[in-house]
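One structure is given here, and the rest of the page talks about it.
The values are calculated or read from the model by the stated rules, or taken from the named source; none is laboratory data. These figures come from a predicted structure and were not determined experimentally. No Cβ is skipped: glycine too gets one built from the backbone with ideal geometry, and neighbour counts run over all protein chains shown.
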Amino acid sequence: MPSELRSPRLAVLIDADNASAKIADGLFEEIAKIGEASVRRIYGDFSNARSRGWADILSKHAIIPQQQFAYTTGKNASDITLVIDAMDLLHSGRFDGFCLVSSDSDFTRLAARIREQGIDVFGFGEQKTPESFRQACRRFVYTENLLAGTVNTQDATSRSAPLQPLDAATPVIKKVITQMESEDGWVALGEVGRQLANLASDFDPRTFGFRKLSDLVRKTNSFEIDEQKGRSMRIRVKPAAAPTSRPRNSRRRAGTAGGSAPKA
(Lines give C-alpha, C1' and ligand atoms only; values in the text may rest on other atoms or scores of the structure.)
Protein backbone atom coordinates (compact mmCIF):
# COMPACT_ATOMS: atom_id res chain seq x y z
CA MET A 1 0.00 0.00 0.00
CA PRO A 2 1.58 3.32 -1.02
CA SER A 3 2.50 5.64 1.83
CA GLU A 4 0.32 8.71 2.25
CA LEU A 5 1.87 11.99 1.13
CA ARG A 6 2.71 14.03 4.19
CA SER A 7 2.89 17.77 4.71
CA PRO A 8 6.33 19.23 5.46
CA ARG A 9 7.30 18.68 9.08
CA LEU A 10 7.96 21.96 10.89
CA ALA A 11 9.57 22.87 14.19
CA VAL A 12 7.90 25.93 15.71
CA LEU A 13 10.09 27.77 18.22
CA ILE A 14 8.57 30.83 19.94
CA ASP A 15 10.46 33.54 21.81
CA ALA A 16 7.86 34.48 24.44
CA ASP A 17 9.78 37.62 25.42
CA ASN A 18 9.46 39.01 21.88
CA ALA A 19 6.06 37.75 20.72
CA SER A 20 2.57 38.59 21.93
CA ALA A 21 0.16 35.84 22.92
CA LYS A 22 -2.52 37.66 20.91
CA ILE A 23 -1.06 36.30 17.66
CA ALA A 24 -1.37 32.62 18.65
CA ASP A 25 -4.53 31.77 16.68
CA GLY A 26 -3.39 33.59 13.54
CA LEU A 27 0.13 32.21 13.89
CA PHE A 28 -0.87 28.55 13.81
CA GLU A 29 -3.41 29.17 11.03
CA GLU A 30 -0.59 30.67 8.97
CA ILE A 31 1.80 27.83 9.80
CA ALA A 32 -0.85 25.30 8.76
CA LYS A 33 -0.64 26.75 5.22
CA ILE A 34 3.05 25.81 5.14
CA GLY A 35 3.04 22.39 6.73
CA GLU A 36 2.58 20.39 9.92
CA ALA A 37 3.75 21.93 13.20
CA SER A 38 5.27 18.73 14.57
CA VAL A 39 7.22 20.46 17.35
CA ARG A 40 5.73 23.42 19.22
CA ARG A 41 7.93 24.94 21.89
CA ILE A 42 7.94 28.31 23.60
CA TYR A 43 10.79 29.83 25.59
CA GLY A 44 10.55 32.42 28.34
CA ASP A 45 10.16 33.27 31.98
CA PHE A 46 6.43 32.71 32.45
CA SER A 47 6.54 34.26 35.91
CA ASN A 48 7.27 37.51 34.09
CA ALA A 49 4.31 39.71 33.15
CA ARG A 50 5.49 39.96 29.50
CA SER A 51 5.29 36.20 28.99
CA ARG A 52 2.43 35.36 31.33
CA GLY A 53 -0.19 35.83 28.59
CA TRP A 54 1.10 32.73 26.82
CA ALA A 55 0.48 30.54 29.87
CA ASP A 56 -3.29 30.73 29.38
CA ILE A 57 -3.25 29.41 25.81
CA LEU A 58 -0.48 26.79 25.84
CA SER A 59 -2.89 23.85 26.05
CA LYS A 60 -5.15 25.23 23.30
CA HIS A 61 -2.33 24.98 20.74
CA ALA A 62 -0.40 22.09 22.35
CA ILE A 63 2.66 24.28 22.94
CA ILE A 64 5.36 22.88 25.22
CA PRO A 65 6.72 25.60 27.56
CA GLN A 66 10.44 25.82 28.27
CA GLN A 67 10.64 27.79 31.51
CA GLN A 68 13.79 29.89 31.91
CA PHE A 69 14.12 31.89 35.10
CA ALA A 70 15.94 35.22 34.83
CA TYR A 71 18.52 34.63 37.55
CA THR A 72 20.68 37.51 36.31
CA THR A 73 19.48 40.80 34.88
CA GLY A 74 20.52 41.35 31.26
CA LYS A 75 21.23 37.68 30.52
CA ASN A 76 18.73 36.05 28.17
CA ALA A 77 18.78 32.35 28.97
CA SER A 78 15.65 31.82 26.85
CA ASP A 79 17.45 32.80 23.64
CA ILE A 80 20.34 30.47 24.40
CA THR A 81 18.04 27.54 25.15
CA LEU A 82 16.06 28.16 21.95
CA VAL A 83 19.23 28.12 19.87
CA ILE A 84 20.50 24.92 21.51
CA ASP A 85 17.17 23.17 20.90
CA ALA A 86 17.07 24.42 17.29
CA MET A 87 20.49 22.94 16.55
CA ASP A 88 19.55 19.62 18.19
CA LEU A 89 16.37 19.46 16.10
CA LEU A 90 18.26 20.46 12.95
CA HIS A 91 20.81 17.68 13.32
CA SER A 92 18.10 15.12 14.00
CA GLY A 93 17.27 15.37 10.29
CA ARG A 94 13.54 14.98 10.98
CA PHE A 95 12.33 18.42 9.89
CA ASP A 96 11.68 20.12 6.56
CA GLY A 97 11.47 23.62 7.98
CA PHE A 98 11.72 25.83 11.05
CA CYS A 99 9.35 28.59 12.18
CA LEU A 100 11.14 31.14 14.35
CA VAL A 101 8.73 33.47 16.13
CA SER A 102 10.56 36.55 17.37
CA SER A 103 11.37 40.16 16.53
CA ASP A 104 14.91 39.81 17.88
CA SER A 105 17.84 40.23 15.49
CA ASP A 106 19.87 37.86 17.69
CA PHE A 107 18.32 34.97 15.76
CA THR A 108 19.73 36.15 12.42
CA ARG A 109 22.72 33.81 12.59
CA LEU A 110 20.54 30.90 13.67
CA ALA A 111 18.25 31.38 10.67
CA ALA A 112 21.24 31.65 8.33
CA ARG A 113 22.84 28.51 9.79
CA ILE A 114 19.67 26.45 9.36
CA ARG A 115 19.34 27.58 5.74
CA GLU A 116 22.98 26.67 5.09
CA GLN A 117 21.88 23.13 5.89
CA GLY A 118 19.28 23.31 3.10
CA ILE A 119 16.31 23.68 5.45
CA ASP A 120 13.70 26.43 5.02
CA VAL A 121 13.23 29.05 7.74
CA PHE A 122 9.98 30.98 8.14
CA GLY A 123 10.19 34.01 10.39
CA PHE A 124 7.33 35.66 12.28
CA GLY A 125 7.81 39.01 13.98
CA GLU A 126 6.64 42.58 14.31
CA GLN A 127 7.26 45.19 11.64
CA LYS A 128 10.05 46.62 13.81
CA THR A 129 12.07 43.42 13.27
CA PRO A 130 15.55 44.31 11.91
CA GLU A 131 16.07 43.67 8.22
CA SER A 132 18.97 41.30 8.90
CA PHE A 133 16.67 38.74 10.51
CA ARG A 134 13.88 39.23 7.96
CA GLN A 135 16.20 38.63 5.02
CA ALA A 136 17.84 35.61 6.68
CA CYS A 137 14.48 33.82 6.45
CA ARG A 138 13.06 32.29 3.30
CA ARG A 139 9.81 34.07 4.13
CA PHE A 140 8.98 36.55 6.86
CA VAL A 141 5.44 37.31 8.07
CA TYR A 142 4.59 40.40 10.09
CA THR A 143 2.66 39.35 13.17
CA GLU A 144 0.48 42.46 12.88
CA ASN A 145 -1.04 40.75 9.84
CA LEU A 146 -2.00 37.75 11.97
CA LEU A 147 -4.17 39.65 14.43
CA ALA A 148 -7.89 39.02 14.08
CA GLY A 149 -9.71 41.60 11.98
CA THR A 150 -6.70 43.15 10.25
CA VAL A 151 -7.90 42.03 6.81
CA ASN A 152 -11.38 41.09 5.73
CA THR A 153 -11.12 37.41 4.78
CA GLN A 154 -14.39 37.39 2.84
CA ASP A 155 -13.56 39.91 0.14
CA ALA A 156 -10.92 42.31 -1.12
CA THR A 157 -11.91 45.16 1.19
CA SER A 158 -8.93 47.21 2.29
CA ARG A 159 -8.43 47.46 6.01
CA SER A 160 -8.44 50.83 7.74
CA ALA A 161 -4.80 50.94 8.77
CA PRO A 162 -2.42 48.93 6.53
CA LEU A 163 1.18 48.59 7.67
CA GLN A 164 2.45 50.23 4.48
CA PRO A 165 0.84 52.55 1.90
CA LEU A 166 -0.48 51.05 -1.32
CA ASP A 167 1.97 52.92 -3.56
CA ALA A 168 4.89 51.22 -1.77
CA ALA A 169 3.93 47.89 -3.40
CA THR A 170 4.01 49.10 -7.01
CA PRO A 171 7.81 49.57 -7.44
CA VAL A 172 8.53 46.11 -6.00
CA ILE A 173 6.06 44.38 -8.32
CA LYS A 174 7.36 46.35 -11.32
CA LYS A 175 10.93 45.34 -10.46
CA VAL A 176 9.98 41.66 -10.44
CA ILE A 177 8.18 41.91 -13.80
CA THR A 178 11.21 43.69 -15.31
CA GLN A 179 13.50 40.88 -14.15
CA MET A 180 11.30 38.19 -15.67
CA GLU A 181 11.96 37.30 -19.32
CA SER A 182 8.93 37.99 -21.49
CA GLU A 183 8.78 39.06 -25.13
CA ASP A 184 5.48 40.92 -24.85
CA GLY A 185 5.69 41.99 -21.20
CA TRP A 186 2.93 39.64 -20.00
CA VAL A 187 3.80 37.41 -17.03
CA ALA A 188 1.77 34.95 -14.98
CA LEU A 189 0.63 36.36 -11.66
CA GLY A 190 1.52 33.13 -9.85
CA GLU A 191 5.11 33.38 -11.07
CA VAL A 192 5.22 37.02 -9.97
CA GLY A 193 4.18 35.91 -6.49
CA ARG A 194 6.98 33.33 -6.34
CA GLN A 195 9.58 35.82 -7.52
CA LEU A 196 8.35 38.39 -4.98
CA ALA A 197 9.02 35.90 -2.20
CA ASN A 198 12.59 35.47 -3.47
CA LEU A 199 13.21 39.18 -3.87
CA ALA A 200 11.64 40.39 -0.63
CA SER A 201 11.04 37.75 2.05
CA ASP A 202 8.59 40.01 3.90
CA PHE A 203 6.40 40.97 0.92
CA ASP A 204 2.79 40.21 1.81
CA PRO A 205 -0.43 41.64 0.28
CA ARG A 206 -1.87 41.88 3.79
CA THR A 207 0.80 44.45 4.65
CA PHE A 208 -0.95 46.77 2.17
CA GLY A 209 -4.44 45.86 3.32
CA PHE A 210 -5.38 43.03 0.91
CA ARG A 211 -5.90 39.32 1.31
CA LYS A 212 -4.70 38.30 -2.17
CA LEU A 213 -1.99 39.51 -4.54
CA SER A 214 -4.54 39.82 -7.37
CA ASP A 215 -6.61 42.25 -5.29
CA LEU A 216 -3.52 44.32 -4.53
CA VAL A 217 -2.47 44.42 -8.21
CA ARG A 218 -5.91 45.60 -9.32
CA LYS A 219 -6.05 48.34 -6.72
CA THR A 220 -2.67 49.85 -7.66
CA ASN A 221 -4.06 50.68 -11.14
CA SER A 222 -0.50 50.41 -12.46
CA PHE A 223 -0.82 47.11 -14.34
CA GLU A 224 -2.78 45.71 -17.26
CA ILE A 225 -4.64 42.50 -16.41
CA ASP A 226 -5.42 39.58 -18.72
CA GLU A 227 -8.02 37.15 -17.41
CA GLN A 228 -9.20 34.56 -19.89
CA LYS A 229 -11.44 31.64 -19.02
CA GLY A 230 -9.42 28.51 -18.37
CA ARG A 231 -6.12 30.38 -18.15
CA SER A 232 -4.10 31.76 -15.29
CA MET A 233 -4.23 35.49 -14.67
CA ARG A 234 -1.48 37.49 -16.36
CA ILE A 235 -0.30 41.05 -15.77
CA ARG A 236 2.07 43.55 -17.31
CA VAL A 237 3.15 47.09 -16.53
CA LYS A 238 0.93 49.75 -18.04
CA PRO A 239 2.78 51.73 -20.73
CA ALA A 240 3.63 55.27 -19.78
CA ALA A 241 1.09 57.76 -21.08
CA ALA A 242 2.35 59.86 -23.98
CA PRO A 243 2.68 63.53 -23.05
CA THR A 244 -0.08 65.65 -24.52
CA SER A 245 1.14 68.41 -26.87
CA ARG A 246 0.12 71.90 -25.92
CA PRO A 247 -1.39 74.05 -28.73
CA ARG A 248 0.81 76.87 -29.88
CA ASN A 249 -0.38 80.40 -29.16
CA SER A 250 -1.32 81.97 -32.48
CA ARG A 251 0.24 85.33 -33.03
CA ARG A 252 -1.98 88.15 -34.10
CA ARG A 253 -1.00 89.10 -37.59
CA ALA A 254 -1.29 92.53 -39.03
CA GLY A 255 -4.57 93.02 -40.83
CA THR A 256 -6.63 91.01 -38.35
CA ALA A 257 -9.57 92.42 -36.51
CA GLY A 258 -8.63 95.55 -34.62
CA GLY A 259 -5.62 96.32 -36.91
CA SER A 260 -5.17 98.28 -40.11
CA ALA A 261 -4.29 96.77 -43.49
CA PRO A 262 -0.64 96.99 -44.49
CA LYS A 263 0.36 99.72 -46.89
CA ALA A 264 1.28 98.82 -50.44
Among the listed residues 19, 111, 77, identify the single one that is surrounded by 15 or more Cβ atoms within 10 Å (Cβ to Cβ) and more than 25 Å from the chain's Cα centre (by Cα). 77
Report, by residue number, each residue of segment 123-140 that is among the basic types (Lys, Arg) and closer than 16 Å to residue 198 by Cβ. 134, 138, 139
Pairing a residue in segment 4-28 that is more than 24 Å from residue 94 (Cα to Cα) with any residue that is acidic (Asp, Glu) and surrounded by fewer than 22 Cβ atoms within 10 Å (Cβ to Cβ), where Cβ atoms lie under 7 Å and the two sit 6 or more apart in sequence or on different chains, gives 18/104
Against the condition in the same structural domain as residue 103 (by TED's automatic domain parsing), of a type outside the set (D, E, K, R) and closer than 24 Å to residue 139 by Cβ, how does residue 19 come out, does it pass? yes
Exactly one of 104, 79, 120 is in the same structural domain as residue 18 (by TED's automatic domain parsing), under 30 Å from residue 195 (Cβ atoms) and at pLDDT below 95, and that one is 104
Going by the structure shown, is residue 51 crowded, with 20+ Cβ neighbours inside 10 Å, free of Cβ contacts under 8 Å to residues at least 40 places away in the same chain, under 26 Å from the mean Cα position of the chain (by Cα) and under 24 Å from residue 133 (Cα atoms)? yes
What are the residues in segment 192-241 that are among the hydroxyl-bearing types (Ser, Thr, Tyr) and surrounded by 15 or more Cβ atoms within 10 Å (Cβ to Cβ), if any? 201, 207, 214, 220, 222
